[in-house]
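Trainee: Pasting a structure here, questions to come.
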Amino acid sequence: MSKQKNQVNDLLAAIKRQPTNATPAKAEAEPAPAKRPQAEEPTKRAATKSASAEKKAKSRIGKPVQFWMHDEDRKLVRELSAWLAGQGLRPNDSMVIRAVLRLAKTGGGLIEAYWEAAKLDGRLKRD
């Protein structure tokens, strides 16, 4: 018990000590920044918008997209994901869809696939 009391007393004594001047305080040496006048406010906003646009452009190249997929479509995406996983890759659904879009070519096959998907689309009214 006496050892613990000594440690507690040592810690309390260390807390009560005054800091030494070994490290200079930067807050005292630096002057406070001056506020800009109201007239420069619109210019500041324009600069902020362009700076924030540059930051967003660098951090994200694309934009999020949401679309509806039927069970058959999700099965195809899972099948393609499984095949890519067998090749040593770890794809997500987005990467699989992007890869397939880059692989797709225009022509009769695309038109046939479009009409097949259009038959399943519940948003279109049919007469």
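Trainee: What accessible area per residue, rounded to a whole number of Å², is obtained for the stretch 60-127 using a probe radius of 1.4 Å? Intermediate results must be reported in sequence, preceding the final value.
Mentor: On the way: 6780 Å² over 68 residues.
Heavy-atom accessible area per residue stands at 100 Å².
Trainee: Here is a follow-up. Can you tell me which of 63-72, 106-115, 79-88 comes out highest on packing, and rank the rest after it, using the mean Cβ neighbours within 10 Å?
Mentor: The packing order, highest mean first, is 79-88, 106-115, 63-72.
Trainee: So what J values fall out for the stretch 4-13 if you push phi through Karplus, 6.51 cos²θ - 1.76 cosθ + 1.60 with θ = phi - 60°, rounded to Hz, Gly and Pro as x?
Mentor: So the J values, rounded to whole Hz, are 5, 5, 5, 5, 5, 5, 5, 5, 4, 5.
The values are calculated or read from the model by the stated rules, or taken from the named source; none is laboratory data. Note that the coordinates shown come from a computational prediction; the quantities given were computed from them, not determined experimentally. Cβ atoms come from the backbone with ideal geometry, glycine included; neighbour counts cover every protein chain shown. Ligands, DNA and RNA are excluded from the accessible area calculation, which covers all protein heavy atoms including side chains. Shrake-Rupley method; radii C 1.70, N 1.55, O 1.52, S 1.80 Å.
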